[in-house]
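Structure record follows, encoded as structure tokens.
The values are calculated or read from the model by the stated rules, or taken from the named source; none is laboratory data. Just so you know, these numbers come straight off a predicted model, no measurement behind them. Reconstructed Cβ throughout: ideal geometry from the backbone, glycine too, with neighbour counts over all protein chains shown.
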């Protein structure tokens, strides 16, 4: 049997600190200030470039993470360790295509 252990993180609260930035507080009493603007691309996250839509973020009590009305969310472990995940996440975001104009 393998000994796979890792911390489970959950978001406890957040504050909007700039147009696309949130201060996110976690259950382990740590926090991250995250500027989401570089991630706001593609079909899922692109609509959040509308600041009014971005501000509709809420805390999902079941998933214990940030969610938006269009279904966009981030894994709470990714949010918790944002500086570690940021380079790879930005590489992924650069590949997301914008939806076709309707």
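Which of the residues belonging to region 87-101 are surrounded by 11 or more Cβ atoms within 10 Å (Cβ to Cβ) and either free of Cβ contacts under 8 Å to residues at least 40 places away in the same chain or touching a strand residue (DSSP E or B) at 6+ places or on another chain (Cβ under 9 Å) (or both)?
92, the sole residue that qualifies.
Which fully enclosed strands (runs of 3 or more DSSP E) of region 1-76 have 2 or more residues being surrounded by fewer than 17 Cβ atoms within 10 Å (Cβ to Cβ)? Don't jump to the end; show me each part of the working.
On the way: elements: 11-18, 21-26, 31-35, 58-60, 65-67.
Once the strands (runs of 3 or more DSSP E) in region 1-76 are filtered for at least 2 residues that are surrounded by fewer than 17 Cβ atoms within 10 Å (Cβ to Cβ), what remains is 11-18, 21-26, 31-35, 58-60.
I'm checking my understanding of the structure. Among residues of region 77-86 that are modelled with pLDDT of 90 or more and over 18 Å from residue 44 (Cα atoms), which one is surrounded by the fewest Cβ atoms within 10 Å (Cβ to Cβ)?
83
Could you list, ordered by first residue, the pairs with Cβ atoms under 6 Å in which the first is in region 45-60 and free of Cβ contacts under 8 Å to residues at least 24 places away in the same chain and the second is surrounded by 14 or more Cβ atoms within 10 Å (Cβ to Cβ) and assigned to a helix (DSSP H, G or I), at least 6 apart or interchain?
Note: pairs meeting the criteria are 53/47.
I'm told residue 80 meets every condition in (1) over 24 Å from residue 8 (Cα atoms); (2) touching a residue at least 40 places away in the same chain (Cβ under 8 Å) except one. Can you identify the failing condition by its number?
(1)
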